[in-house]
Amino acid sequence: MKILGITAEWVFMLCLPFLLFTASLGWAINSLWLYNYGFEKYGISQVTGLDDAELEKAAAGLVSYFNSDEEYISLTVIKDGEPFELFNYREIVHLKDVKGLIWLDYRVLLGTLVYVLAYAGVCLLWRKPAYRRNLARGVVGGSCITLGLMLALGLASLFGFDSLFWQFHVISFTSNDFWLLDPTKDYLKMMFADGYFYDVVLFCTLEVAGAAVILGGVVGAACGLAESGPRLN
């Protein structure tokens with residue numbers, strides 16, 4: 001039973017960074033505010049020739065597609081008063097591959113959330129104080145692991161984002177090279193420049209690190225107060 005308890009605690013600690021990071025990615029994928037922030041920061045309306053309303057419509061269409069059961073996206077926008085299909089064949093197939101990764105993120109998020117809640121529930125409902133101490137230790141330990149991983153990701157992005165981003169695509173999209181898009185004619189590449197993805201990684205890294213600091217700090221402080229407080233016999 002002791003080995004089982006230690007294993008369960010370590011799994012909990014390892015699940016915590018995955019839970020926080022996949023939740024942050026889920027927010028980024030579905031955040032229309034973040035899309036519009038990128039469009040404004042990088043002057044995407046001037047780059048694409050699409051006005052702000054059409055860009056917002058495109059962003060909403062992407063979010064809807066990523067959360068639907070549609071295999072391929074079909075998105076029509078207006079440019080210079082004429083409707084046209086925004087994405088070509090290569091972009092459509094690439095977005096299908098991207099959608100697969102997004103649903104993988106959702107599955108990891110769900111799996112880690114179920115385990116974290118189940119482990120926390122058992123520890124909190126069990127009457128032995130040792131289980132609550134194990135939970136607290138797991139939260140603090142998981143938060144520390146999360147901070148370490150976010151520090152590594154932040155430094156890697158700061159000093160070599162282009163290489164990191166390239167390797168991510170090479171590893172993630174092995175079935176085709178449709179992720180190699182032309183920034184002069186492919187709207188998906190024009191709408192989402194590498195700088196946008198750097199910003200997303202930065203936002204997610206800081207968001208996850210902040211959540212880990214708050215979570216670990218609150219639980220750690222609570223444990224410290226409990227240990228130093230008066231004991232009732």
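The values are calculated or read from the model by the stated rules, or taken from the named source; none is laboratory data. As the structure is a prediction and not an experimental result, all values here were calculated from the model. A quick note on method: Cβ atoms are made from the backbone with ideal geometry, for glycine too, and the neighbour counts reach across all protein chains shown.
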Test: residue in the range 157-176 that is assigned to a helix (DSSP H, G or I), crowded, with 17+ Cβ neighbours inside 10 Å and among the small types (Gly, Ala, Ser): yes
Members of the range 184-203 found to be over 29 Å from Leu147 (Cβ atoms) and in a helix (DSSP H, G or I), listed by number: Tyr187, Leu188, Lys189, Met190, Met191
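For the range 37-62, which positions are of a type in the set (A, V, I, L, M, F, W, C), farther than 25 Å from Leu110 by Cβ and either touching a helix residue (DSSP H, G or I) at 6+ places or on another chain (Cβ under 6 Å) or surrounded by 20 or more Cβ atoms within 10 Å (Cβ to Cβ) (or both)?
Taking the range 37-62 and keeping what is of a type in the set (A, V, I, L, M, F, W, C), we get 39, 44, 47, 50, 53, 55, 58-60, 62.
Going one step further and asking which of them are farther than 25 Å from Leu110 by Cβ, we end up with 39, 44, 47, 50, 53, 55, 58.
Passing the criteria: Phe39, Ile44, Val47, Leu50, Leu55, Ala58.
Is it the case, given these coordinates, that Lys99 is more than 19 Å from Thr184 (Cα to Cα), crowded, with 18+ Cβ neighbours inside 10 Å and among the charged types (D, E, K, R)? Talk me through it step by step, then tell me what you get.
On the way: more than 19 Å from Thr184 (Cα to Cα): yes; crowded, with 18+ Cβ neighbours inside 10 Å: yes; among the charged types (D, E, K, R): yes.
So Lys99 passes the test.
So which of Leu34, Leu16 ends up being more than 30 Å from Gly138 (Cα to Cα), within 25 Å of the chain's Cα centre (by Cα) and crowded, with 17+ Cβ neighbours inside 10 Å?
Values: Leu16 fails: more than 30 Å from Gly138 (Cα to Cα).
Only one candidate passes the filter, namely Leu34.
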Contacts under 8 angstrom Cβ, first residue in the range 193-204 being over 16 Å from Leu153 (Cα atoms) and at pLDDT below 95, partner acidic (Asp, Glu) and surrounded by fewer than 16 Cβ atoms within 10 Å (Cβ to Cβ), 6 or more apart: Asp194/Asp162
Failed item, numbered, when Leu181 is tested on (1) within 25 Å of the chain's Cα centre (by Cα); (2) part of a helix (DSSP H, G or I); (3) surrounded by 11 or more Cβ atoms within 10 Å (Cβ to Cβ); (4) aliphatic (A, V, I, L, M): (2)
